[in-house]
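Enquirer: Handing you a structure now.
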Amino acid sequence: GSQIFAEGTPTNPVIFTSRANVEGNSSIDSIGQWGGLVILGRAPQAVCLAGGATPGTVDCENEIEGVAGSLYGGDLVADNSGRLSYVQVRFPGFEVTDGNELNGISLGGVGSGTTFDHVQVHNSSDDGIEWFGGRVNSSFLVLTGIDDDSLDVDEGYQGSAQFVLVDQRENGGDRVIEGDSNGDE
(Lines give C-alpha, C1' and ligand atoms only; values in the text may rest on other atoms or scores of the structure.)
Protein backbone atom coordinates (compact mmCIF):
# COMPACT_ATOMS: atom_id res chain seq x y z
CA GLY A 1 0.00 0.00 0.00
CA SER A 2 2.97 2.35 0.04
CA GLN A 3 3.23 5.06 -2.60
CA ILE A 4 5.89 7.49 -3.77
CA PHE A 5 5.05 10.97 -4.98
CA ALA A 6 7.98 12.58 -6.81
CA GLU A 7 6.47 15.30 -8.95
CA GLY A 8 8.78 17.88 -10.43
CA THR A 9 8.34 20.36 -13.25
CA PRO A 10 10.13 20.81 -16.58
CA THR A 11 12.35 23.51 -15.04
CA ASN A 12 12.63 22.00 -11.55
CA PRO A 13 12.75 18.19 -11.74
CA VAL A 14 12.98 15.94 -8.69
CA ILE A 15 16.57 14.64 -8.67
CA PHE A 16 17.59 11.37 -7.04
CA THR A 17 21.38 11.19 -6.99
CA SER A 18 24.47 10.04 -5.14
CA ARG A 19 26.21 11.72 -2.26
CA ALA A 20 29.29 12.09 -4.46
CA ASN A 21 27.22 14.03 -7.02
CA VAL A 22 25.81 16.34 -4.32
CA GLU A 23 29.34 16.98 -3.05
CA GLY A 24 30.55 17.80 -6.57
CA ASN A 25 32.62 14.63 -6.93
CA SER A 26 30.93 13.18 -10.02
CA SER A 27 32.10 13.54 -13.59
CA ILE A 28 30.81 12.70 -17.04
CA ASP A 29 32.22 9.18 -16.55
CA SER A 30 30.83 8.54 -13.04
CA ILE A 31 28.55 5.54 -12.83
CA GLY A 32 26.98 3.24 -10.25
CA GLN A 33 27.44 5.46 -7.19
CA TRP A 34 24.28 4.32 -5.35
CA GLY A 35 21.57 1.70 -5.63
CA GLY A 36 18.76 3.44 -7.53
CA LEU A 37 14.97 3.37 -7.06
CA VAL A 38 13.02 0.19 -6.36
CA ILE A 39 9.22 0.47 -6.54
CA LEU A 40 7.13 -2.58 -5.74
CA GLY A 41 3.42 -3.01 -6.36
CA ARG A 42 0.65 -5.59 -6.39
CA ALA A 43 -0.02 -5.86 -10.14
CA PRO A 44 0.22 -9.23 -11.90
CA GLN A 45 3.54 -10.76 -12.85
CA ALA A 46 4.40 -14.20 -14.12
CA VAL A 47 6.96 -15.77 -11.76
CA CYS A 48 5.56 -17.08 -8.47
CA LEU A 49 7.80 -17.92 -5.52
CA ALA A 50 5.17 -20.09 -3.87
CA GLY A 51 4.83 -23.52 -5.42
CA GLY A 52 1.37 -24.02 -6.87
CA ALA A 53 0.54 -20.31 -7.06
CA THR A 54 -1.00 -19.11 -10.31
CA PRO A 55 0.41 -16.02 -12.08
CA GLY A 56 -1.92 -13.04 -11.83
CA THR A 57 -3.42 -14.10 -8.50
CA VAL A 58 -2.98 -12.60 -5.04
CA ASP A 59 -0.80 -15.59 -4.08
CA CYS A 60 1.69 -15.01 -6.90
CA GLU A 61 4.52 -12.93 -5.47
CA ASN A 62 8.18 -12.79 -6.39
CA GLU A 63 11.31 -11.37 -4.78
CA ILE A 64 12.79 -8.30 -6.48
CA GLU A 65 16.35 -8.50 -7.72
CA GLY A 66 18.88 -6.68 -5.54
CA VAL A 67 16.77 -6.37 -2.36
CA ALA A 68 16.51 -9.68 -0.48
CA GLY A 69 13.12 -10.37 1.06
CA SER A 70 11.24 -7.62 -0.82
CA LEU A 71 8.16 -9.07 -2.51
CA TYR A 72 5.94 -7.78 -5.31
CA GLY A 73 3.08 -8.97 -7.47
CA GLY A 74 -0.53 -9.96 -7.00
CA ASP A 75 -3.84 -9.49 -8.76
CA LEU A 76 -4.40 -5.70 -8.78
CA VAL A 77 -3.99 -4.64 -12.43
CA ALA A 78 -4.72 -0.98 -11.58
CA ASP A 79 -2.56 -0.93 -8.43
CA ASN A 80 -1.30 2.57 -7.71
CA SER A 81 2.31 2.96 -6.51
CA GLY A 82 2.15 6.77 -6.78
CA ARG A 83 3.48 9.32 -9.25
CA LEU A 84 6.90 9.87 -10.79
CA SER A 85 6.79 12.84 -13.11
CA TYR A 86 9.68 15.08 -14.16
CA VAL A 87 12.24 12.97 -12.31
CA GLN A 88 15.97 12.43 -12.87
CA VAL A 89 17.86 9.46 -11.42
CA ARG A 90 21.61 10.10 -11.69
CA PHE A 91 24.57 7.71 -11.29
CA PRO A 92 22.60 4.67 -9.97
CA GLY A 93 23.05 0.93 -10.29
CA PHE A 94 24.89 -1.47 -8.05
CA GLU A 95 25.92 -5.13 -8.15
CA VAL A 96 24.84 -6.62 -4.81
CA THR A 97 26.19 -10.08 -5.67
CA ASP A 98 27.20 -11.73 -8.94
CA GLY A 99 24.17 -11.51 -11.27
CA ASN A 100 22.05 -9.74 -8.62
CA GLU A 101 22.01 -6.03 -9.47
CA LEU A 102 20.08 -2.90 -8.69
CA ASN A 103 19.00 -0.93 -11.76
CA GLY A 104 18.49 2.79 -12.22
CA ILE A 105 14.79 2.19 -11.60
CA SER A 106 13.32 -1.26 -10.84
CA LEU A 107 9.54 -1.56 -11.19
CA GLY A 108 8.22 -4.82 -9.72
CA GLY A 109 4.50 -5.48 -10.16
CA VAL A 110 3.73 -1.77 -10.57
CA GLY A 111 0.14 -1.29 -11.70
CA SER A 112 -1.62 0.85 -14.30
CA GLY A 113 -2.86 3.28 -11.62
CA THR A 114 0.71 4.56 -11.25
CA THR A 115 1.86 7.68 -13.13
CA PHE A 116 5.32 7.27 -14.69
CA ASP A 117 6.27 10.00 -17.16
CA HIS A 118 9.05 12.47 -17.97
CA VAL A 119 11.70 10.30 -16.33
CA GLN A 120 15.44 10.32 -17.04
CA VAL A 121 17.98 7.76 -15.84
CA HIS A 122 21.59 8.88 -16.29
CA ASN A 123 24.75 6.75 -16.02
CA SER A 124 23.33 3.60 -14.45
CA SER A 125 25.84 0.78 -14.04
CA ASP A 126 23.10 -1.78 -14.75
CA ASP A 127 19.82 -1.44 -16.65
CA GLY A 128 18.26 2.00 -16.93
CA ILE A 129 14.67 0.93 -16.20
CA GLU A 130 13.60 -2.68 -15.66
CA TRP A 131 9.99 -3.79 -15.44
CA PHE A 132 9.38 -7.05 -13.55
CA GLY A 133 5.80 -7.84 -14.52
CA GLY A 134 3.23 -5.18 -13.78
CA ARG A 135 0.98 -3.05 -15.96
CA VAL A 136 2.25 0.55 -15.65
CA ASN A 137 2.40 2.62 -18.82
CA SER A 138 5.15 5.19 -19.27
CA SER A 139 5.92 8.09 -21.54
CA PHE A 140 8.71 10.58 -22.22
CA LEU A 141 11.64 8.47 -21.01
CA VAL A 142 15.27 9.55 -21.48
CA LEU A 143 18.06 7.04 -20.84
CA THR A 144 21.62 8.32 -21.10
CA GLY A 145 24.94 6.63 -20.42
CA ILE A 146 23.43 3.30 -19.33
CA ASP A 147 26.05 0.56 -18.95
CA ASP A 148 23.72 -2.42 -19.56
CA ASP A 149 20.27 -2.49 -21.20
CA SER A 150 18.51 0.85 -21.40
CA LEU A 151 15.05 -0.73 -21.10
CA ASP A 152 14.53 -4.27 -19.81
CA VAL A 153 11.15 -6.02 -19.57
CA ASP A 154 10.46 -9.47 -18.17
CA GLU A 155 8.23 -11.61 -15.94
CA GLY A 156 5.14 -10.91 -18.03
CA TYR A 157 5.19 -7.10 -18.12
CA GLN A 158 2.25 -5.69 -20.09
CA GLY A 159 2.31 -1.99 -20.81
CA SER A 160 3.66 0.68 -23.08
CA ALA A 161 6.63 3.02 -23.22
CA GLN A 162 5.89 5.94 -25.53
CA PHE A 163 8.39 8.60 -26.61
CA VAL A 164 11.71 7.10 -25.52
CA LEU A 165 15.13 8.62 -26.19
CA VAL A 166 18.25 6.49 -25.62
CA ASP A 167 21.88 7.62 -25.83
CA GLN A 168 24.09 4.69 -24.86
CA ARG A 169 27.43 4.97 -23.09
CA GLU A 170 30.47 5.02 -25.36
CA ASN A 171 32.41 1.75 -24.89
CA GLY A 172 29.57 0.43 -22.73
CA GLY A 173 25.92 -0.35 -22.87
CA ASP A 174 24.42 -3.60 -24.00
CA ARG A 175 21.03 -3.42 -25.68
CA VAL A 176 18.60 -0.56 -26.09
CA ILE A 177 15.75 -2.97 -25.25
CA GLU A 178 15.94 -6.42 -23.70
CA GLY A 179 12.69 -8.36 -23.49
CA ASP A 180 12.91 -11.87 -22.16
CA SER A 181 11.58 -14.34 -19.68
CA ASN A 182 12.58 -17.66 -18.20
CA GLY A 183 9.49 -19.52 -19.33
CA ASP A 184 6.33 -18.94 -21.33
CA GLU A 185 5.25 -15.69 -19.70
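The values are calculated or read from the model by the stated rules, or taken from the named source; none is laboratory data. Values in this document were obtained by computation on a predicted structure and should not be read as measured data. Using ideal geometry, Cβ is built from the backbone for each residue, glycine included, and neighbour counts are taken over all protein chains shown. Accessible surface areas use protein heavy atoms only, side chains included; no ligands, DNA or RNA. Shrake-Rupley method; radii C 1.70, N 1.55, O 1.52, S 1.80 Å.
Enquirer: I want to check the label-to-label distance for I177 and V77. Put each point 7 Å from Cα in the C-beta direction and report it in nm to one decimal.
Expert: Taking the two extended label points, one gets 2.2 nm.
Enquirer: Turning to a different aspect of this structure: For a quick size check, give me the Cα extents of the stretch 94-151 along its three principal axes, largest first, whole Å.
Expert: Projected onto its principal axes, the Cα set of the stretch 94-151 covers 33, 22, 12 Å.
Enquirer: With Cβ to Cβ distances under 10 Å as the rule, what net charge do the other residues near L49 carry (K, R +1; D, E -1)?
Expert: -3
Enquirer: Near W34, within a Cβ-to-Cβ distance under 11 Å, what is the net charge of the other residues, with Lys and Arg +1 and Asp and Glu -1?
Expert: My count for the surroundings of W34 gives +2.
Enquirer: Can I ask one more? Mind listing which GluC sites (Glu not before Pro) in the stretch 113-184 are in a DSSP loop and have 14 or fewer other Cβ atoms within 10 Å?
Expert: E170
Enquirer: Pop a pseudo-label 7 angstrom from the Cα along the beta-carbon direction at both T9 and L165 and give the gap in nm to one decimal.
Expert: Once both label points are built, they end up 2.1 nm from each other.
Enquirer: Given a Förster radius of 25 Å and the C-beta distance between E23 and D98 as r, what FRET efficiency does 1/(1 + (r/R0)^6) yield to the nearest 0.05?
Expert: My answer for the efficiency is 0.25.
Enquirer: Okay, next question. Using only the Cα atoms of the stretch 1-101, build the gyration tensor, take square roots of its eigenvalues as a ≥ b ≥ c, and label the shape rounded, prolate or oblate: rounded if a/c is under 1.5, else prolate if a/b is larger than b/c, else oblate.
Expert: Oblate, since a/c reaches 1.5 and b/c is not below a/b.
Enquirer: If you don't mind, there's one more thing I want to ask. Whenever you get a sec, compute what percent of the accessible area on the chain sits on carbon and sulfur atoms (1.4 Å probe).
Expert: Solvent-exposed carbon and sulfur of the chain make up 47 percent of the total.
Enquirer: Taking 8 Å as the Cα distance limit and 6 or more residues as the minimum spacing, I'd like the relative contact order of the chain as a percentage.
Expert: 20 percent
Enquirer: Right, here's the next one. Mind putting together the pair-distance distribution for the chain? All Cα pairs, 10 Å bins, whole percent per bin, short to long.
Expert: Taking every Cα pair in the chain, the percentages come to 11, 39, 37, 12, 2, 0.
Enquirer: Would you please give the residues with an amide H less than 5 Å from that of I4, counting only those at least 5 places away or on a separate chain, with H modeled from the backbone geometry?
Expert: Close amide H contacts, sequence-distant or interchain: G82, R83.
Enquirer: Express the accessible area of the chain per residue in Å², computed with a 1.4 Å probe while the remaining protein chains stay in the model.
Expert: In whole numbers, the chain has 48 Å² accessible per residue.
Enquirer: Same structure again: Shape of the stretch 83-185 from its Cα gyration tensor (a ≥ b ≥ c, root eigenvalues): rounded if a/c is under 1.5, otherwise prolate when a/b > b/c, or oblate?
Expert: oblate
Enquirer: What do you get when you divide the Cα radius of gyration of the stretch 143-183 by 2.2 N^0.38 Å, with N the number of residues?
Expert: 1.25
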